[in-house]
Amino acid sequence: MRFIAATALALACTVVAVWVVVTGPANDVDDVGGYHAAANPPGDPVTVTVDAGASTKEIADDLASKGAIASAAQFRVLVAFLGYDRLLQSGEYEFARETPELDAVYRIRNGVVSSKSVTIVEGSRLEEIADAVAAQGIDRTEFLAAARRSEYQFSFLEELRASQRLDGYLFPAKYPIRKRDTGRDVVQRMLQGFADNVPASVEEQASAEDLTLHEVLTLASIIEREAVVPEERPIMAQVFLKRLRLGIALEADPTVQYAVANSPENVSKYGYWKKELTQEDLDVDSPYNTRIESGLPPGPICSPGLDSIKAVVNPAPTNYQFFVAKPDGSHAFAETFQEHLENIQRYGGDPGTPP
């Protein structure tokens with residue numbers, strides 16, 4: 001009887017412990033960002049491949065035999081209690097030695113193949129992405145060298161020159177970083193993210209509008225930096241597309257910010273996106289400066305999100321030609337230059353050049 005009681009007590013404690021860790025207020029099994037793994041013993045990480053259809057026992061035994069976890073039994077118990085038997089995801093996982101069993105269960109359940117990752121935020125320019133990747137142990141110079149057209153085998157890169165930078169093609173998302181990864185591995189993963197997330201219909205819609213995919217991404221990158229209110233993206237797309245058709249300069253400040261930040265000295269002073277632009281900045285000699293150069297800049301100025309990309313091929317049905325920012329980040333749109341001047345008087349801003 002004492003043995004049965006002790007066993008029942010141990011089982012109850014285990015259930016309570018699992019409940020506290022998994023459903024407690026500070027933790028969420030389905031929230032990758034909210035999980036913090038315990039410290040692991042030093043040593044090189046181990047790689048464990050979880051095959052599709054593998055049983056919980058097979059996975060647990062493989063993890064334990066390679067030193068990824070200490071107890072296969074605890075792993076199986078946790079999987080059973082959480083109801084994850086049929087939810088463990090296949091993939092090649094990298095684990096530190098003696099990873100806590102709950103951490104291992106959590107990661108395989110959510111397909112988190114590495115404990116390290118990098119998140120690419122919409123609107124990040126290539127150098128910002130390089131900084132984020134470098135913070136996870138990838139050599140920054142190596143990554144920037146790898147972020148060029150070179151030999152990557154993706155159809156959406158075919159129109160780029162061999163040495164052209166991949167601004168705009170590194171899709172904003174969260175990517176795992178493994179110990180053995182090179183800069184090229186990470187770039188390949190981000191390009192695959194683009195292939196997986198940007199529908200083929202975007203290129204087809206672009207062609208129907210007499211635009212190349214590169215032009216769509218270039219315009220989408222400007223919208224990504226301009227838009228604060230999501231609903232305004234298609235309206236901005238219409239404005240820019242109309243100005244392009246009429247031969248009016250886009251006069252988009254984010255392109256000036258991009259050009260200004262091509263100087264390391266300016267980056268050290270103002271960051272990658274200088275907020276207060278001077279007249280000297282607006283006159284900077286650069287093919288990216290749409291204040292003085294007509295048409296689109298040579299390429300994207302950042303990595304646009306899918307909403308900005310879709311906005312370009314699905315512009316709003318309006319006749320606006322101008323917009324100016326309001327204090328709350330939204331924009332006032334106008335069809336005529338006179339209306340635009342009135343909006344500037346009301347909200348401030350630069351009138352730019354009349355059509």
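Which one of L87, L11 is open to solvent by 40 Å² or more (accessible area, probe 1.4 Å) and modelled with pLDDT under 55?
Details: L87 fails: modelled with pLDDT under 55.
Every option except L11 fails the conditions.
Between a first residue in the range 318-338 that is under 15 Å from V229 (Cβ atoms) and a second residue that is acidic (D, E), which pairs have beta carbons less than 7 Å apart while being 6 or more apart in sequence or on different chains?
Y320/E335; S330/E232; H331/E232
I need the full set of residues from the range 181-219 which are assigned to a loop (DSSP other than H, G, I, E, B) and either small (G, A, S) or free of Cβ contacts under 8 Å to residues at least 40 places away in the same chain (or both), in order please. Can you show your working first?
So the first thing to find is which residues in the range 181-219 are assigned to a loop (DSSP other than H, G, I, E, B), and the list is 181-182, 198-199, 209-212.
Across the range 181-219, the qualifying residues are P199, D210.
List the helices (runs of 4 or more DSSP H) inside the range 252-317, counting only whole elements, that have at least 3 residues being surrounded by 17 or more Cβ atoms within 10 Å (Cβ to Cβ). Give the derivation first.
On the way: elements: 253-260, 264-270, 279-282, 306-313.
Qualifying helices (runs of 4 or more DSSP H): 253-260, 306-313.
I'd like to know if the range 218-227 contains one or more residues that are of a type outside the set (D, E, K, R), open to solvent by less than 10 Å² (accessible area, probe 1.4 Å) and over 17 Å from L306 (Cβ atoms).
First, pick out the residues of the range 218-227 that are of a type outside the set (D, E, K, R): 218-223, 227.
Cutting the leftovers down to open to solvent by less than 10 Å² (accessible area, probe 1.4 Å) gives us 218-223.
Then keep just the ones that are over 17 Å from L306 (Cβ atoms); that gives none.
Taking every residue of the range 218-227 in turn, none turns out to be of a type outside the set (D, E, K, R), open to solvent by less than 10 Å² (accessible area, probe 1.4 Å) and over 17 Å from L306 (Cβ atoms).
Are there any pairs with C-beta distances below 7 angstrom linking a residue in the range 94-109 that is open to solvent by 30 Å² or more (accessible area, probe 1.4 Å) to a residue that is in a helix (DSSP H, G or I), with the two at least 6 apart or on different chains, and if so which?
That search, which allows pairs on different chains as well, returns L102/V21; L102/L78.
Any idea how many residues of the range 44-63 are of a type outside the set (S, T, Y) and crowded, with 19+ Cβ neighbours inside 10 Å? Full working, then the answer.
Of the residues in the range 44-63, the ones of a type outside the set (S, T, Y) are 44-46, 48, 50-54, 57-63.
Pick out the ones that are also crowded, with 19+ Cβ neighbours inside 10 Å and you get 45, 48, 50, 59-60, 63.
Residues flagged as of a type outside the set (S, T, Y) and crowded, with 19+ Cβ neighbours inside 10 Å within the range 44-63 amount to 6.
Go over the candidates I235, I222 one by one and state the one that is in a helix (DSSP H, G or I), modelled with pLDDT of 95 or more and in contact with a strand residue (DSSP E or B) (Cβ under 7 Å, 6 or more places away or on another chain).
Working: I222 fails: in contact with a strand residue (DSSP E or B) (Cβ under 7 Å, 6 or more places away or on another chain).
One residue alone meets the criteria, I235.
How many of the residues in the range 147-160 are assigned to a loop (DSSP other than H, G, I, E, B) and either within 21 Å of the chain's Cα centre (by Cα) or under 26 Å from S201 (Cβ atoms) (or both)? It would help to see each step written out before you state the result.
Within the range 147-160, the subset assigned to a loop (DSSP other than H, G, I, E, B) is 147, 149-154, 158-160.
Applying the additional criterion that residues be either within 21 Å of the chain's Cα centre (by Cα) or under 26 Å from S201 (Cβ atoms) (or both) yields 147, 149, 152-154, 158-160.
Qualifying residue count for the region: 8.
Of the residues K242, K269, K179, which single one is closer than 20 Å to S124 by Cα and basic (K, R)? Quick ask: steps written out before the conclusion?
Numbers: K242 fails: closer than 20 Å to S124 by Cα; K179 fails: closer than 20 Å to S124 by Cα.
Sole residue among the options that is closer than 20 Å to S124 by Cα and basic (K, R): K269.
The values are calculated or read from the model by the stated rules, or taken from the named source; none is laboratory data. Everything numeric in this text was worked out from a predicted model, so none of it was measured. In this analysis, Cβ positions are derived from the backbone assuming ideal geometry, glycine residues included, and neighbour counts consider all displayed protein chains. Please note that ligands, DNA and RNA were not included when accessible areas were found on the heavy atoms of the full protein model with its side chains. Shrake-Rupley method; radii C 1.70, N 1.55, O 1.52, S 1.80 Å.
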